[in-house]
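The structure under discussion appears below in the form of structure tokens.
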Amino acid sequence: MASEFLRVQNLTKTFGTTTVVKGVSFAFGKGEFISLLGPSGCGKTTILRMIAGFENPSAGSIVVDGQDITSLKPNQRQLGMVFQAYALFPNLTVGDNIGFGLKIAGLPAEQRRVRIADMLKLIGLSGYEKRYPYELSGGQQQRVALARAIAPSPRMLLLDEPLSALDAKIRVSLREEIRAIQLDLGITTVFVTHDQEEALSISDRIVVMNAGSIEQLGAPHEIYNKPASRFVASFVGQLNNIDAIVTDAAAKTVTIDGQAARVPALPADAKGPVTLTLRPEVLAVGARDGNDITLAGTIADVTFLGSVIRLRVSLGRNMVSLDTFNDQRTVPPARGEPITISLAGKDLLVLQG
Amino acid sequence: MNNNRLWAWLIFALGAAYFIVPLLATFEFSLRMRRGEYSFDAYASVFADPRFAASFGYSVLIGLCTIVVGVLVVVPAVYFVRLRMPWLKPFMEFITLLPLVIPALVLVYGYIRLYNSSSLIPLTGSALGTDILLTGAYVTLALPYMYRAVDNGMRTIDIGTLTEAAQIMGASQWQIIVQIILPNILVAILSGAFLTFAIVIGEFTIASLLNRPAFGPYLVGIGTNRAYEPAALAIISFIITWGAMGMINLLGRFAPRTSPRTD
């Protein structure tokens with residue numbers, strides 16, 4: 001990590017009697033792409049709005065590039081922001097929208113024109129400067145909003161669910177574009193989203209939030225592979241929960257619907273029923289090298305997803321999902337067929353809390 | 001044509017006739033100044049009267065002042081209530097409806113008591129002071145219309161997010177109102193302005209009791225001692241009012257389009 005650029009310290013926000021952000025602290029380096037990920041009402045947007053200056057923190061501080069901005073007005077913070085609802089000025093052309101911040105900053109018209117042209121080129125909308133926002137598609141409007149936010153060269157870029165109003169295909173292409181531009185400019189970016197796939201695909205680090213607190217902070221692969229809590233495990237990615245009975249905690253053995261398995265992660269004091277979790281992709285159809293647990297079951301459901309086939313396998317009381325690649329030379333398995341699946345015991349996590 | 005449509009048209013025709021027949025009758029009467037034939041003599045007589053131009057000019061001037069003051073009062077008030085103090089909105093609605101409930105006569109007597117020449121603020125002591133008082137009274141009178149026009153205009157744009165978008169780019173509150181909010185609700189403001197204008201041009205009670213040479217008292221004065229000119233004047237003021245309404249309609253087409261495509 002580069003030197004510390006954004007530091008949020010003990011940030012708290014209370015509305016009436018409800019505390020929506022509870023003493024949140026984190027720090028990030030310059031040029032990092034940070035996602036605040038969580039379900040609705042987890043406080044992620046409130047944190048972003050406090051960084052932007054639209055909400056006053058009840059307690060705590062926000063420091064950007066060594067400057068405490070906690071009590072500064074939004075127009076004194078030198079930040080750029082993209083909103084969920086585009087928020088382009090309907091009365092201004094694309095060019096004037098992009099140049100708005102530059103005009104406010106007092107940049108001469110000629111320099112403004114050059115900067116607007118650069119920005120339009122960056123977002124691939126050269127030649128659109130005379131159009132009005134209503135003449136653009138949602139994706140184009142959001143690209144203009146992005147250009148408008150970065151035109152004045154802000155210290156940091158804030159993105160408040162900028163993709164959620166767009167359709168699926170544009171969402172993917174625009175998020176890749178946003179990431180490419182962010183890497184190109186090296187601008188520190190805070191991105192708020194409730195979409196775990198979005199967060200995993202473009203972030204350097206993710207702050208997973210729940211009920212006003214941080215559940216886990218880490219790189220996407222850390223969040224996905226080593227979820228710190230049951231909440232993170234279930235919120236980020238698909239997850240199989242398996243009810244098992246501890247047979248011998250010292251030997252780390254359990255039974256899953258009557259079938260024996262060894263779970264290296266089992267705590268020594270575990271007894272009775274436990275919940276094990278694992279990702280669908282660590283399960284394999286049939287045996288696979290390195291998989292030491294084999295379970296027999298019945299196919300309960302088959303979902304054809306194109307390149308991937310998702311199977312739901314009943315092991316008895318437990319139901320697990322697994323993905324298998326679509327092989328064009330074979331017929332997909334059918335519902336009701338018996339199936340053997342395998343996994344590595346070390347991939348099973350025992351979730352606490 | 002089915003039965004329902006027939007009834008709908010019939011009711012529409014009856015309603016329209018209720019407004020149009022008296023208007024046509026007035027117009028027809030205004031053309032009968034010359035005996036035995038139709039002519040525009042009554043209109044010529046009206047336009048030839050110097051008091052017509054003077055009172056009309058005065059009312060236009062007061063109308064313009066009323067619009068300016070009204071916009072300066074209403075736009076920031078609606079903006080801040082919508083943005084910062086939404087809980088004040090029902091109170092605002094109530095206050096702006098009061099001029100519709102309180103008769104103009106009560107209003108003007110109240111003003112005269114408050115601002116007479118022996119009061120702390122003796123506005124009625126001079127012509128200019130009375131003009132200021134008259135403008136203030138008209139701002140109040142037009143408040144229900146101006147407020148609703150501006151409020152509707154602000155409802156069509158997301159002023160909260162637009163304000164934040166401008167703020168984060170460094171704009172001050174004043175820059176936001178002038179460069180972003182005003183241009184986006186200009187059409188709404190203009191429709192409020194034309195309604196205000198229509199009210200001011202025809203207003204009689206307040207102008208008369210404050211003894212100002214406005215168009216309303218002139219119309220009534222003419223009505224009491226002439227036969228055909230009042231009819232011609234009624235048609236003229238009707239055309240002015242409807243011209244203002246037509247302008248509102250026309251300007252509505254130039255309203256900024258705010259609904260984005262989602263494709």
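Figures for the structure shown
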quantity	calculated
Pick from the range A:130-167, criterion among the charged types (D, E, K, R) and in a loop (DSSP other than H, G, I, E, B), ranking: nearest to A:Leu79 (Cα to Cα)	A:Arg155
Verdict on A:Arg175 being within 28 Å of A:Leu6 (Cα to Cα), in contact with a helix residue (DSSP H, G or I) (Cβ under 9 Å, 6 or more places away or on another chain) and open to solvent by 50 Å² or more (accessible area, probe 1.4 Å)	no
Test set (1) of a type in the set (S, T, N, Q); (2) open to solvent by 10 Å² or more (accessible area, probe 1.4 Å); (3) under 17 Å from A:Arg205 (Cβ atoms) - A:Asn10 fails condition number	(3)
Pair list, Cβ under 8 Å, 6 or more apart: the range B:160-183 residue on the phi > 0 side of the Ramachandran plot and more than 7 Å from chain A (Cβ to nearest Cβ), other residue of a type in the set (Phe, Trp, Tyr) and open to solvent by 10 Å² or more (accessible area, probe 1.4 Å)	none
Residues of the range B:192-202 that turn out to be of a type in the set (Val, Ile, Thr) and either within 13 Å of chain A (Cβ to nearest Cβ) or open to solvent by 20 Å² or more (accessible area, probe 1.4 Å) (or both), as a count	1
Every residue from the range A:218-244 that is crowded, with 17+ Cβ neighbours inside 10 Å and not in a helix (DSSP H, G or I)	A:Gly218, A:Pro227, A:Ala228, A:Val236, A:Gly237, A:Leu239, A:Asn240, A:Ile242, A:Ala244
Single condition A:Lys103 does not satisfy, out of (1) over 26 Å from A:Ile202 (Cβ atoms); (2) open to solvent by 20 Å² or more (accessible area, probe 1.4 Å); (3) touching a residue at least 40 places away in the same chain (Cβ under 8 Å); (4) touching a Lys or Arg at 6+ places or on another chain (Cβ under 8 Å)	(3)
Any hit, the range A:281-299, residues being under 12 Å from A:Val350 (Cβ atoms) and either in a helix (DSSP H, G or I) or open to solvent by less than 10 Å² (accessible area, probe 1.4 Å) (or both)	no
Enumeration of residues in the range A:70-82 that are away from chain B (no Cβ under 12 Å) and in contact with a helix residue (DSSP H, G or I) (Cβ under 9 Å, 6 or more places away or on another chain)	A:Thr70
Test result for A:Thr255, part of a strand (DSSP E or B), modelled with pLDDT of 90 or more and surrounded by 13 or more Cβ atoms within 10 Å (Cβ to Cβ)	no
Hits in the range B:226-239 (condition: aliphatic (A, V, I, L, M), farther than 17 Å from B:Ile20 by Cβ and either in contact with a Leu (Cβ under 8 Å, 6 or more places away or on another chain) or open to solvent by less than 40 Å² (accessible area, probe 1.4 Å) (or both))	B:Ala232, B:Leu233, B:Ile236
Pair list, Cβ < 6 Å and 6+ apart or interchain, from the range A:126-137 residues that are within 9 Å of chain B (Cβ to nearest Cβ) and closer than 16 Å to B:Asn184 by Cα to residues that are part of a helix (DSSP H, G or I) and not hydrophobic (A, V, I, L, M, F, W, C)	A:Pro133/A:Gln141
Which listed residue, of A:Ile181, A:Ile170, is within 14 Å of another protein chain (Cβ to nearest Cβ) and assigned to a helix (DSSP H, G or I)	A:Ile170
Residue match in the range A:38-60 (condition: buried (at least 16 other Cβ atoms within 10 Å of the Cβ), assigned to a strand (DSSP E or B) and more than 14 Å from chain B (Cβ to nearest Cβ))	yes
Residue within the range B:105-125 that is open to solvent by less than 20 Å² (accessible area, probe 1.4 Å) and more than 14 Å from every other protein chain (Cβ to nearest Cβ) present	yes
Matching residues, the range A:152-165, being open to solvent by less than 10 Å² (accessible area, probe 1.4 Å) and either under 17 Å from the mean Cα position of the chain (by Cα) or free of Cβ contacts under 8 Å to residues at least 60 places away in the same chain (or both)	A:Leu157, A:Leu158, A:Leu159, A:Pro162, A:Leu163
Selected residue (only one of A:Pro74, A:Pro90 is open to solvent by less than 50 Å² (accessible area, probe 1.4 Å), touching a strand residue (DSSP E or B) at 6+ places or on another chain (Cβ under 9 Å) and over 25 Å from A:Val172 (Cα atoms))	A:Pro74
Selected residue (only one of B:Pro99, B:Pro183 is under 17 Å from the mean Cα position of the chain (by Cα) and open to solvent by less than 50 Å² (accessible area, probe 1.4 Å))	B:Pro99
Failed criterion for B:Ile189 (all others in (1) facing chain A (nearest Cβ under 9 Å); (2) within 29 Å of the chain's Cα centre (by Cα) hold)	(1)
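Let's see how each residue does on (1) in contact with a Lys or Arg (Cβ under 6 Å, 6 or more places away or on another chain); (2) closer than 29 Å to B:Ala244 by Cβ; (3) within 14 Å of chain A (Cβ to nearest Cβ):
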{"residue": "B:Glu93", "(1), (2), (3)": "no, yes, no"}
{"residue": "B:Leu134", "(1), (2), (3)": "yes, yes, no"}
{"residue": "B:Leu143", "(1), (2), (3)": "no, yes, no"}
{"residue": "B:Arg148", "(1), (2), (3)": "no, yes, no"}
{"residue": "B:Gly153", "(1), (2), (3)": "no, yes, yes"}
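The values are calculated or read from the model by the stated rules, or taken from the named source; none is laboratory data. No experiment lies behind these values; they were computed from the predicted model shown. Counting neighbours? That spans all protein chains shown, and the Cβs are built from the backbone with ideal geometry, glycine included. The protein model used for the area step is the full one, side chains on, heavy atoms only, and it has no ligands, DNA or RNA in it. Shrake-Rupley method; radii C 1.70, N 1.55, O 1.52, S 1.80 Å.
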